[in-house]
1. For region 61-76, does any single residue satisfy the condition of being of a type in the set (A, V, I, L, M, F, W, C) and without any contact (Cβ under 8 Å) to a residue 12 or more places away in the chain?
2. Restricting attention to helices (runs of 4 or more DSSP H) lying wholly within region 1-86, give those where 3 or more residues are at pLDDT 90 or above.
3. For region 115-127, enumerate the residues that are free of Cβ contacts under 8 Å to residues at least 24 places away in the same chain and surrounded by fewer than 15 Cβ atoms within 10 Å (Cβ to Cβ).
4. If you go through region 77-93 one residue at a time, do you hit one that is in contact with a helix residue (DSSP H, G or I) (Cβ under 7 Å, 6 or more places away or on another chain) and closer than 25 Å to Ala10 by Cα?
5. For region 12-40, enumerate the residues that are touching a residue at least 40 places away in the same chain (Cβ under 8 Å) and not hydroxyl-bearing (Ser, Thr, Tyr).
6. Which condition does His102 not pass, out of (1) more than 24 Å from Lys8 (Cα to Cα); (2) at pLDDT 90 or above; (3) open to solvent by less than 50 Å² (accessible area, probe 1.4 Å); (4) under 17 Å from the mean Cα position of the chain (by Cα), if it passes all the others?
7. Here is a list of conditions, (1) open to solvent by 50 Å² or more (accessible area, probe 1.4 Å); (2) more than 14 Å from the chain's Cα centre (by Cα), and Ala21 meets all of them except one; can you say which number that is?
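The values are calculated or read from the model by the stated rules, or taken from the named source; none is laboratory data. No experiment lies behind these values; they were computed from the predicted model shown. Note that we place each Cβ from the backbone using ideal geometry, even for glycine, and neighbour counts take in every protein chain shown. Please note that ligands, DNA and RNA were not included when accessible areas were found on the heavy atoms of the full protein model with its side chains. Shrake-Rupley method; radii C 1.70, N 1.55, O 1.52, S 1.80 Å.
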Amino acid sequence: GKKSVFVKQAPDFIKVFGPEAKLHRERMALEVSVYRDFAVALGESETAKFIPTIYHFDEESMAFIMEFLGDLTLLDQVLVQPDFQGLGEAYTGMGHFMGKVHALTHSTAVSAERAATLHETYSNPGM
């Protein structure tokens, strides 16, 4: 059968605000990197559950091709439902993912060298 994919590219501005809302293009490389690091930490079954598959990343054009997530419900859609249907499952999944990544990448759970690499790669003092 046919398979859908999603193509994502990082322009150097926020699309909804226009070219004057500058961003750094390298954030796309950082996004791909964090998916890969999460995958290493989580293992195969947890990665399949929480992390989209990246099929190809073109660093020169700052674009990647990834698994199409069209069958999934976005969290912002769940949050605005009047009966909060599915909210518990969404919160449970998010909490499990965040707790698992935190526990597996915490400085006490990895080597000092790995902790330093994670800190250097993902530290964002501007936030």
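1. yes
2. 27-42, 44-50
3. Ala116, Thr117, His119, Glu120, Ser123, Asn124, Pro125, Gly126, Met127
4. No, region 77-93 contains no residue that is in contact with a helix residue (DSSP H, G or I) (Cβ under 7 Å, 6 or more places away or on another chain) and closer than 25 Å to Ala10 by Cα.
5. Leu30, Val34, Asp37, Phe38
6. With (1) more than 24 Å from Lys8 (Cα to Cα); (2) at pLDDT 90 or above; (3) open to solvent by less than 50 Å² (accessible area, probe 1.4 Å); (4) under 17 Å from the mean Cα position of the chain (by Cα) applied to His102, the lone miss is (3).
7. Only one criterion is unmet by Ala21, namely (1).
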